[in-house]
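Sharing a structure below in structure tokens format, with a few things to ask.
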Amino acid sequence: MSDITFTHNDKALGHFSLQDFDIEQHSPLLQQWVNQPHAGFWGMQGDSLECVVKTQRKLLDQGVEMYLGCHEGEAAFLLEVYRPQNTELKTHMSLGAGDLGMHILIAQPEGKPRSGYSLAVFHCIMRFLFECRLAERVIVEPDARNLKVHALNRRVGFRHFKQVRLQEAGKDALLAYCSLDQFYTSFNMLRDGDAPAVGNVAEQQAAWQNVNRGLVCKALAEFMHERLLEATPTGNGRYHLRCASGSRYHFEAERLPLDHWLIDSDSLVREIDDRVHPLNLVEFIQDCQGELGIDDAMLPTYLEEISSTVSGQLWKHQNPVASSRELVYTDFQTVEQAMVEGHPCFVANSGKIGFDSKDFLRYAPESGRALRLVWLAVHRERADFTSVDGLDYAQHIERELGLCLRRRFDQQLESQGLSPADYWYMPCHPWQWHNQLQRLFAGEICSQRLVYLGEEGDAYVAQQSIRTFYNRSRPDQAYVKCALSILNMGFMRGLSSKYMSVTPAINQWVYDAIEGDAFLRSLPFHILREYAAIGYRHPQFDRGLMQTSPYNKMLAALWRENPVAKIEPQQKAITMAALLHVDRDGKALLAELIRASGLGAEQWLRRYLDVYLTPLLHCFYAHHMVFMPHGENLILIMENHAPVGAYIKDIGEEVCLLNCRPEQEAALPENVKRISVTVPHHVELLSIFTDVFDCFFRFLTGILHKHCGFNAEAFWELVAECIHDYQASQHALSDRFAEHDLFQESFALSCLNRLQLRNNKQMVDLLDPAAALQFAGELANPIARYASRQALAANA
């Protein structure tokens with residue numbers, strides 16, 4: 001399957017996609033299309049294949065971009081994109097730098113034409129132009145006689161401008177343009193006519209019910225796992241939960257190791273006074289408020305996060321992306337955008353408090369919208385730029401901006417009587433600039449300590465980590481992470497200027513430690529360095545507030561290495577979160593990856609544990625080093641659809657050295673000492689038990705059990721085998737293995753939702769994270785039975 005550039009799903013007609021047009025491969029198909037009766041306005045009927053190829057090559061030489069469109073994997077249409085500023089259109093209308101022109105040729109579908117097919121093709125193309133190519137307006141100039149396409153253009157949102165004679169094309173054309181607002185207004189109001197289509201309300205209600213059903217199942221499972229709720233078994237795998245409020249919930253479920261609940265969503269029923277009521281996540285939280293222990297003062301904010309999580313899931317449900325099978329063959333960014341679950345443990349995991357509905361469409365990773373970052377000039381008296389050794393500011397910023405944009409920024413400063421040598425250039429999230437900085441940093445702006453340069457440069461797309469951006473214009477460039485003052489999953493998503501000042505040094509130290517360890521160097525495990533960072537200190541906030549205050553985390557940015565730029569041509573990157581992904585049709589991506597690899601599930605999982613678990617074990621035992629290795633922070637490197645390596649990210653904020661040895665502490669450089677923390681002895685191993693076993697493997701076993709036909713116990717046996725293999729290779733660490741025994745009978749159940757329920761504005765004090773941990777008894781360790789090799793062999 002060819003690399004897919006863009007995907008779009010239509011509820012009624014299925015999956016559409018765009019990929020680069022290959023002249024050699026696709027021109028024979030195009031020759032067939034242009035000779036179909038309906039393609040007369042293309043003026044190529046009767047053209048030979050040689051003539052078609054010659055025409056397409058000429059267009060490419062003129063800077064025209066060509067894409068092949070597919071429907072359900074079959075070639076279906078051609079899209080040409082051009083710069084109208086370079087054509088005679090500039091003599092007929094005022095054109096801006098953000099204008100793009102397009103031509104579309106839709107092949108005649110086989111069999112009976114399907115209602116709404118052409119409209120769906122236009123929807124796909126227009127989304128691509130606005131969201132990927134960052135068009136501000138789309139310009140079209142069809143033949144004035146082509147009445148069908150004029151009608152279709154109007155339905156998509158185009159406004160006819162005027163009829164003109166185009167000498168180059170030899171036709172009388174009806175010019176039309178469509179802005180982003182025109183397009184979205186049109187498609188919000190229209191589906192299959194000039195009024196809302198019949199069934200839309202019913203479809204939305206059905207989607208609402210499905211989303212709430214799924215999220216209530218998740219809430220039940222996680223709150224029971226954390227022992228906030230206790231369901232009573234009634235036999236044959238059935239349970240009921242009676243709330244203090246009087247509501248009752250009945251359901252069927254399986255219980256896997258680590259007390260993981262797999263609830264049959266179809267079986268879930270809510271009763272009040274013996275009458276069945278619709279499932280609703282907000283009402284479920286209200287039903288269980290007493291059991292959950294939510295303080296009245298915290299409840300409104302938590303319900304807002306819950307409501308936003310439901311709303312986000314609804315949007316994703318109504319705007320489905322590629323299927324799990326299709327995602328196997330797509331690129332890293334397409335898979336990243338397709339993730340819909342969010343953090344598997346947290347119930348309120350998509351609050352985004354601060355965004356309005358338009359912000360969601362512009363900035364949320366689910367929407368896939370590209371944007372340009374705001375660039376600021378920040379005075380060096382107020383800001384700190386730091387980078388890894390060997391990279392200076394001039395090299396870094398020229399690579400990020402390019403020479404032309406860098407010079408233009410210099411000229412902007414000089415035109416205001418300012419010296420570029422007194423400033424750093426830094427990126428900023430557009431929402432942050434428009435909603436926070438212009439108000440709260442007004443004094444800094446007026447004094448020209450902070451200078452707005454514009455939304456300029458490359459196009460970026462938000463990642464699962466909503467404040468991290470992928471460079472769509474130059475896919476091999478660094479990721480950029482910006483401060484964002486929205487409340488999401490228990491934290492304001494800012495970036496500390498103080499932390500930024502040492503982030504590159506911490507990343508370099510961790511990188512050197514891993515690369516300097518012979519065992520780790522033998523493994524395909526690496527970190528993605530945050531190699532440059534910049535932070536701005538607001539003088540009043542910096543003096544008057546604690547460093548941990550959200551107001552001291554409002555203006556900072558960092559640059560992170562790109563895994564895609566590091567892998568081999570035959571490899572692809574995929575977020576580890578994808579291993580938990582289930583598409584709208586209930587198909588798991590993990591099952592599709594295993595199937596496509598040609599390996600058995602056991603062999604596939606062994607490879608996965610080798611690249612993920614083994615290096616984490618060595619970092620812990622040999623270096624006292626722990627990460628936050630959840631799905632969104634791990635990038636798996638795949639070859640033939642099986643794991644062959646891994647990258648871990650978010651180093652600066654989330655790496656720790658736990659209770660390190662005095663000599664190790666003394667050897668730490670001053671600007672790295674922040675990562676050394678002292679925690680109670682029993683907390684140390686929770687970096688594996690909680691972060692890996694409970695917060696990721698627990699959910700992975702559910703996917704394996706339900707979708708792959710692979711027994712959960714068999715998976716834990718593989719985990720035990722992986723640990724034994726590692727320990728057998730590291731005899732010098734035997735004392736550490738005994739001190740921190742991974743095969744102990746049980747471990748403390750550390751509860752993430754309890755943290756959020758207690759304080760949903762700041763779950764953890766980052767200066768002392770261990771002090772905030774919430775425990776609820778012990779979990780039986782699923783690998784305890786395999787404490788020896790003999791036990792493994794006996795089980796086999």
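Can you spot a residue in segment 544-563 that is more than 30 Å from residue 351 (Cα to Cα) and not in a loop (DSSP other than H, G, I, E, B)?
no
Checking the structure you have, find out if any residue of segment 313-321 is under 22 Å from residue 233 (Cα atoms), aliphatic (A, V, I, L, M) and part of a loop (DSSP other than H, G, I, E, B).
no
Do any residues in segment 13-25 that are on the phi > 0 side of the Ramachandran plot have Cβ atoms under 9 Å from those of residues that are open to solvent by 20 Å² or more (accessible area, probe 1.4 Å), where the two are at least six apart or on different chains, and which pairs are they?
Filtered contacts from segment 13-25: 14/71; 14/72.
Working only within segment 138-148, note down all residues that are open to solvent by less than 40 Å² (accessible area, probe 1.4 Å) and without any contact (Cβ under 8 Å) to a residue 40 or more places away in the chain.
Once the filter is applied, which keeps residues that are open to solvent by less than 40 Å² (accessible area, probe 1.4 Å) and without any contact (Cβ under 8 Å) to a residue 40 or more places away in the chain, segment 138-148 yields 140, 144.
Listed here are the residues, each with its yes/no results for (1) open to solvent by 20 Å² or more (accessible area, probe 1.4 Å); (2) touching a residue at least 40 places away in the same chain (Cβ under 8 Å); (3) not β-branched (Val, Ile, Thr).
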| residue | (1), (2), (3) |
| --- | --- |
| 591 | no, yes, yes |
| 614 | no, yes, no |
| 629 | no, yes, yes |
| 640 | yes, yes, yes |
| 644 | yes, yes, no |
| 648 | no, yes, no |
| 653 | yes, yes, yes |
| 664 | yes, yes, yes |
| 676 | yes, no, yes |
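Let me ask you something else. If you take the residues in segment 284-308 that are open to solvent by 70 Å² or more (accessible area, probe 1.4 Å) and assigned to a helix (DSSP H, G or I), which one is modelled with the highest pLDDT?
Going through the qualifying residues, I end up with 286.
Let me spell it out: the conditions are (1) buried (at least 17 other Cβ atoms within 10 Å of the Cβ); (2) assigned to a helix (DSSP H, G or I), and residue 411 meets all of them except one. Which number is the exception?
Result: residue 411 fails condition (1) only.
Residues of segment 102-134 being within 20 Å of residue 85 (Cβ to Cβ), within 28 Å of the chain's Cα centre (by Cα) and open to solvent by 10 Å² or more (accessible area, probe 1.4 Å), which ones?
Scanning segment 102-134 gives 132, 133, 134.
Which is at pLDDT 90 or above and open to solvent by less than 50 Å² (accessible area, probe 1.4 Å), of 279, 314?
Unique residue meeting the criteria: 279.
Sticking with this structure for a sec: Out of all the residues in segment 665-673, is one or more at pLDDT below 95, polar (S, T, N, Q) and in contact with a helix residue (DSSP H, G or I) (Cβ under 6 Å, 6 or more places away or on another chain)?
yes
Of the numbered conditions (1) in contact (Cβ under 8 Å) with a residue 24 or more places away in the chain; (2) open to solvent by 20 Å² or more (accessible area, probe 1.4 Å), residue 728 fails exactly one; give the number of that condition.
(1)
Let me ask you something else. May I ask you to list the residues in segment 44-62 that are of a type outside the set (Val, Ile, Thr) and crowded, with 19+ Cβ neighbours inside 10 Å?
56
For segment 731-751, state whether one or more residues are open to solvent by less than 60 Å² (accessible area, probe 1.4 Å), under 30 Å from residue 500 (Cα atoms) and in contact with an Asp or Glu (Cβ under 8 Å, 6 or more places away or on another chain).
yes
Let me ask something else. Of everything in segment 519-538, what is assigned to a loop (DSSP other than H, G, I, E, B), in contact (Cβ under 8 Å) with a residue 40 or more places away in the chain and either over 30 Å from residue 385 (Cβ atoms) or acidic (Asp, Glu) (or both)? Give them in sequence order.
Those that are assigned to a loop (DSSP other than H, G, I, E, B), in contact (Cβ under 8 Å) with a residue 40 or more places away in the chain and either over 30 Å from residue 385 (Cβ atoms) or acidic (Asp, Glu) (or both): 523, 524.
Moving on to the next point. Quick check: anything in segment 481-493 in a helix (DSSP H, G or I), open to solvent by 50 Å² or more (accessible area, probe 1.4 Å) and in contact (Cβ under 8 Å) with a residue 12 or more places away in the chain?
No, the conditions are met nowhere in segment 481-493.
If you don't mind, another one. Checking the condition under 26 Å from residue 319 (Cα atoms), open to solvent by less than 20 Å² (accessible area, probe 1.4 Å) and touching a residue at least 12 places away in the same chain (Cβ under 8 Å), which residue from 215, 229, 241, 258 passes?
Of the residues listed, the single one that is under 26 Å from residue 319 (Cα atoms), open to solvent by less than 20 Å² (accessible area, probe 1.4 Å) and touching a residue at least 12 places away in the same chain (Cβ under 8 Å) is 215.
Still on this model: Give the residue that is modelled with the lowest pLDDT, with candidates limited to residues of segment 158-178 that are open to solvent by 10 Å² or more (accessible area, probe 1.4 Å) and of a type in the set (Gly, Ala, Ser).
169
Continuing with the same structure: Restricting to segment 322-367, give me the number of residues that are over 13 Å from the mean Cα position of the chain (by Cα), of a type in the set (A, V, I, L, M) and outside any helix (DSSP H, G or I).
5
I've got another one for you. Quick one: which residue in 422, 476, 458 is in contact with a Leu (Cβ under 9 Å, 6 or more places away or on another chain), closer than 30 Å to residue 635 by Cβ and among the acidic types (Asp, Glu)?
One residue alone meets the criteria, 458.
Let me ask something else. For the condition under 16 Å from residue 363 (Cβ atoms), in a loop (DSSP other than H, G, I, E, B), open to solvent by 20 Å² or more (accessible area, probe 1.4 Å) and out of contact with any Phe, Trp or Tyr (no Cβ under 6 Å at 6 or more places or on another chain), what is the one hit in 464, 477, 448?
464
Just wondering, is there one or more residues in segment 63-79 that are modelled with pLDDT of 85 or more, open to solvent by less than 20 Å² (accessible area, probe 1.4 Å), in a loop (DSSP other than H, G, I, E, B) and within 30 Å of residue 318 (Cα to Cα)?
Checked segment 63-79: no residue is modelled with pLDDT of 85 or more, open to solvent by less than 20 Å² (accessible area, probe 1.4 Å), in a loop (DSSP other than H, G, I, E, B) and within 30 Å of residue 318 (Cα to Cα).
Specify which of the listed residues (134, 105, 152) is aliphatic (A, V, I, L, M), at pLDDT below 90 and part of a strand (DSSP E or B).
Exactly one of 134, 105, 152 is aliphatic (A, V, I, L, M), at pLDDT below 90 and part of a strand (DSSP E or B), namely 105.
Could you please find all residues in segment 357-384 being within 12 Å of residue 312 (Cα to Cα) and without any contact (Cβ under 8 Å) to a residue 60 or more places away in the chain?
Result: 357, 360, 366.
Residues of segment 280-312 being closer than 15 Å to residue 240 by Cα and touching a helix residue (DSSP H, G or I) at 6+ places or on another chain (Cβ under 6 Å), which ones?
The one that is closer than 15 Å to residue 240 by Cα and touching a helix residue (DSSP H, G or I) at 6+ places or on another chain (Cβ under 6 Å): 284.
Further, regarding this structure: Which one of these does residue 394 not meet: (1) without any contact (Cβ under 8 Å) to a residue 40 or more places away in the chain; (2) among the aliphatic types (A, V, I, L, M); (3) closer than 29 Å to residue 343 by Cβ?
All conditions pass for residue 394, except number (3).
Still on this structure, I have one more. Which ones in segment 550-589 are over 17 Å from the mean Cα position of the chain (by Cα), surrounded by fewer than 22 Cβ atoms within 10 Å (Cβ to Cβ) and aliphatic (A, V, I, L, M)?
565, 567, 588, listed by residue number.
The values are calculated or read from the model by the stated rules, or taken from the named source; none is laboratory data. None of the values given here were measured: they were computed from a predicted structure. Note: ideal-geometry Cβ built from the backbone for every residue, glycine included; neighbour counts use all protein chains shown. With ligands, DNA and RNA removed, areas are computed over all heavy atoms of the protein, side chains included. Shrake-Rupley method; radii C 1.70, N 1.55, O 1.52, S 1.80 Å.
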